[in-house]
Amino acid sequence: MSSTLFSKARKRLKEAAKHISVDPDVLVKLSHPQETTMASLNVRMDDGSLRSFRAWRCRYDDTRGPTKGGIRYHPRVNMDEVVALAFWMTFKSAVVNLPFGGAKGGVAVDPRRLSHIELERLSRAYVRAFAGVLGPDRDIPAPDVYTNAMIMGWMAHEYSTIVGHPCPAVITGKPIVLGGSLGRESATGRGGYYVLRQLEPMLGLTPEISRVIVQGFGNASIHCALPLFDDGYKIVGVSDSKSAIFDPDGMDPNAVLAHKSTSGRVAGAPTFGKARELSNEALLEQDCEVLIPGALENQITDRNAAKIKAKAVLELANGPTTPLGDKILSQRGVVVIPDILANAGGVTVSYFEWAQNRAGYYWPEQEVDERLRRFIEPQAVEIWKIKQEMAVDMRTAAYVLALDRIGTAVSARGTRKFFRH
Ligand code: GLU
């Protein structure tokens, strides 16, 4: 039990609680998910057979507002992972001070093995199964690993059919023409980019001397690597689920992207020097100043943390560093910019999308990007300040900030001390 992802995630809460005075009621409330629902999605396959897929939705805590978080399609997703991800979303929303709680959903499926029509049936079945849990004032999903704008469009449509009127605000990350927000697609990576650039002086980085390795060349990482490259950072390594390349002379992420979209893998992409192909694990241990884990959980652990050469780790994935990995990095002076700050750009622009849907009034892309910058940069500075004042790592500082915000909201309804008198 002690090694489950959720129990590891919950350790962060206990660690943060050591550093601020928080009412015990708050910890009681935040130690368990508010509501976890499970369903079996029975889907008719193209060959006529019926298949059943296990699916979950966890609403972790709604003290600060409707719960918010993505839906993940992955063959190995399970309830423990969904609950851990919902816990992280609760703290992530609070870090950026959004009026949301946290949630997450998942379906145990390999979507790459489904036809388009099977994928559509599965996505609509998810909404039918969880329609009572969802709602624009209750629980608002979004994309996550292996889900995308088109899937969100199907889901919004299914929900709208159930309630009998268009209801775009029930889901974010939709196609632009179906009520999506400009800038949502790039928001997670762009948020990480703003955070890194804001912290540059504190981290002793400048674009000219900084080499970057990006693990996982998916949506989040791409939109961080592109602006970093434009600003003069040298991208020396990239990987995807099948391959990894490293070139000390660097590469243009636009060219890697073009190569990946035709060949399906990053290996073989043109670079500025001689690229070496290596394993995903070995890539993490190459020379660089900034390491960006942008794929899945548990990538930096007690097994490889001592070999990481980066000065800073920007966590674009959720939960890429284990607590033991964290400890080793921190002892070695490597600064980890934690997921709940580094990848909070996605949920921030999801909030903007939800607000635009409800107002029926849409903003230009530049305004979305600028508002994102204004939301996320001050939080990065505040977290750095807490880190310095409390002499803790950045993750603990981020949890302290979030716990303080959630705790104040929980306590506003009365504490043990208040009710005893
Ligand atoms: N799945 C994304 C995350 O982990 C986005 C969540 C959202 O936009 O609600 O932050």
The residue from Gly346, Gly414 that alone is closer than 26 Å to Thr63 by Cα and assigned to a loop (DSSP other than H, G, I, E, B) is Gly414
Of the residues in segment 143-180, those that are hydroxyl-bearing (Ser, Thr, Tyr) and more than 18 Å from the chain's Cα centre (by Cα) come to Tyr159, Ser160, Thr161
Kindly provide the set of residues from segment 135-172 that are in contact with a Gly (Cβ under 7 Å, 6 or more places away or on another chain) and closer than 14 Å to Tyr351 by Cα, ordered by number. Pro141, Ala142, Pro143, Pro168, Val170
By residue number, the members of segment 363-404 that are surrounded by fewer than 19 Cβ atoms within 10 Å (Cβ to Cβ), in contact (Cβ under 8 Å) with a residue 24 or more places away in the chain and within 21 Å of Thr63 (Cβ to Cβ) are Asp404
Tally up the residues in segment 276-322 that are closer than 23 Å to Asp80 by Cβ and exposed (fewer than 15 other Cβ atoms within 10 Å of the Cβ), please. 3
From the option list Asp287, Asp326, Asp302, single residue qualifying as closer than 19 Å to Ala397 by Cβ and among the acidic types (Asp, Glu) is Asp326
Would you mention how many residues in segment 314-361 are more than 10 Å from the ligand (Cβ to nearest atom), farther than 16 Å from Val214 by Cα and among the small types (Gly, Ala, Ser)? 6
Tell me, yes or no, whether segment 248-270 has at least one residue that is within 16 Å of the ligand (Cβ to nearest atom) and surrounded by 15 or more Cβ atoms within 10 Å (Cβ to Cβ). no
Matching residues in segment 174-195 (part of a helix (DSSP H, G or I) and surrounded by 20 or more Cβ atoms within 10 Å (Cβ to Cβ)) number 9
With respect to Phe53, determine if the residue is closer than 16 Å to Ala402 by Cβ and not basic (Lys, Arg). no
Could you tell me whether any residue of segment 152-162 is in contact with a helix residue (DSSP H, G or I) (Cβ under 6 Å, 6 or more places away or on another chain), within 15 Å of the ligand (Cβ to nearest atom) and part of a loop (DSSP other than H, G, I, E, B)? no
Residue in segment 111-119 that is touching a strand residue (DSSP E or B) at 6+ places or on another chain (Cβ under 8 Å), away from the ligand (no atom under 11 Å from the Cβ), without any contact (Cβ under 8 Å) to a residue 60 or more places away in the chain and on the phi < 0 side of the Ramachandran plot present: yes
Subset of segment 405-421, residues hydrophobic (A, V, I, L, M, F, W, C) and crowded, with 19+ Cβ neighbours inside 10 Å, comes to Ile406, Val410
From the set of residues in segment 120-142 that are crowded, with 21+ Cβ neighbours inside 10 Å and in a loop (DSSP other than H, G, I, E, B), which is nearest to the ligand (Cβ to nearest atom)? Ala142
Six or more apart or on different chains, Cβ under 7 Å: which pairs go from a residue in segment 343-358 that's over 12 Å from Leu98 (Cβ atoms) to one that's hydroxyl-bearing (Ser, Thr, Tyr) and surrounded by fewer than 24 Cβ atoms within 10 Å (Cβ to Cβ)? Could you list them? Gln356/Tyr362
Which one of these does Arg57 not meet: (1) out of contact with any strand residue (DSSP E or B) (no Cβ under 6 Å at 6 or more places or on another chain); (2) surrounded by 22 or more Cβ atoms within 10 Å (Cβ to Cβ)? (1)
Given the criterion more than 16 Å from the ligand (Cβ to nearest atom) and touching a Cys at 6+ places or on another chain (Cβ under 6 Å), identify the matching residue among Arg197, Arg211. Arg211
Can you tell me which residue within segment 164-175, out of those that are touching a residue at least 24 places away in the same chain (Cβ under 8 Å) and out of contact with any Phe, Trp or Tyr (no Cβ under 8 Å at 6 or more places or on another chain), is nearest to the ligand (Cβ to nearest atom)? Gly173
Quick count over segment 299-319, residues being part of a loop (DSSP other than H, G, I, E, B) and free of Cβ contacts under 8 Å to residues at least 40 places away in the same chain, is 7
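Go over the candidates Ala402, Ala409, Ala344, Ala398 one by one and state the one that is over 17 Å from the mean Cα position of the chain (by Cα) and either among the aromatic types (Phe, Trp, Tyr) or closer than 23 Å to Thr67 by Cα (or both).
The match here is Ala409.
Read-outs: derived from the displayed coordinates by stated rules, not from any lab. This structure is a prediction, so every number in the text was calculated from the model and none was measured. Backbone-built Cβ (ideal geometry, glycine too); neighbour counts: all protein chains shown.
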